[in-house]
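The values are calculated or read from the model by the stated rules, or taken from the named source; none is laboratory data. Remember, predicted model here, so these are calculated numbers, not experimental data. Virtual Cβ from ideal backbone geometry, glycine too; neighbours counted across all protein chains shown.
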Amino acid sequence: MRQHQFGNTGRSIAAIGQGSWYIDAARRGLAVSAIRRGLDLGMRHIDTAEMYGSGAAESVVGEAIRGRRDDVFLVSKVLPENASRHGTRAACERSLKQLGTDHLDCYLLHWRGAHPLEETFAAFEDLQDQGKILSFGVSNFDVDDLEEAWAVAGPGRLACNQVLYHLKERAIEHAVIPWCERHEVAVVAYSPFGHDDFPGPKTAGGRALGDIALAHDASPRQIALAFLTRKPALFAIPKAAQAAHAEENAAAGAIDLSDQEIHLLDEAFPRGPQPRFLPVI
């Protein structure tokens, strides 16, 4: 499994981790087994959020990691409406309880809201001082938001920016990824297969994926994950609610694409012009 350094945390973790959005909608036993299988295969980075199922996803993750906390790089997120100084601390306590742990490896602001970043980051620092979070970052931040966050938090304080990124949505390549690379901020791709919109085998993109997959004895989804994590700053967190899917995702961490293969995918999935606003879902 390919390892990348996670921002400025000084910790190296697998480039491919495990997401949990909607995992609470799956059969709980299968979902728990899938997460545990992912851990067995080195996918230590597990991402969740208080928003997912109003805490239900955190509960599933908590059950899956019980007895294995030391194996996990655990991330959760605070909702913007809760992101005052007091609200952030209270939200973190709720997440810790749902997850059955005493600390998070990284805690994120889910997206920009009405509360000033100064309040949210002050709460993050309070939680760090208490040992309840080890690092913090943001999600769905464009470059202007990142610049403000950097100024408020201070140099070297932001661990990551979690953003929408898949082959058919490459907007972050214009400015967000270069900014994060310059500032040693990890870029974490959510919904790396698209939101129920993975390229079909009869499309131009699907054919390119299929050809490259054949050369690697891999699946098109594995090739997509290899592309999205091709740089040292990039991570992806696909969800798997079945052990077989976790195994497929983990195997993508051993695939290294050639420059020619990356070029072919560039042509098959053009990034398009830089949008005025950062795409989110």
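Key figures
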item	result
Residue 260 being at pLDDT 95 or above, farther than 30 Å from residue 31 by Cα and among the polar types (S, T, N, Q)	yes
Check on residue 212, under 23 Å from the mean Cα position of the chain (by Cα) and not polar (S, T, N, Q)	no
Test result for residue 126, of a type in the set (D, E, K, R), more than 20 Å from the chain's Cα centre (by Cα), modelled with pLDDT of 95 or more and farther than 21 Å from residue 277 by Cα	yes
Filter result for the condition that a residue is within 27 Å of residue 108 (Cα to Cα), surrounded by fewer than 14 Cβ atoms within 10 Å (Cβ to Cβ) and modelled with pLDDT of 95 or more, over 230, 182	182
Complete set of residues in the range 4-13 that are in contact with a strand residue (DSSP E or B) (Cβ under 6 Å, 6 or more places away or on another chain) and either of a type in the set (A, V, I, L, M, F, W, C) or touching a residue at least 12 places away in the same chain (Cβ under 8 Å) (or both)	5, 6, 7, 9, 13
Complete set of residues in the range 157-204 that are more than 28 Å from residue 120 (Cα to Cα), under 15 Å from the mean Cα position of the chain (by Cα) and among the hydrophobic types (A, V, I, L, M, F, W, C)	193
Only one of 25, 34 that is over 13 Å from residue 63 (Cβ atoms) and among the hydrophobic types (A, V, I, L, M, F, W, C)	25
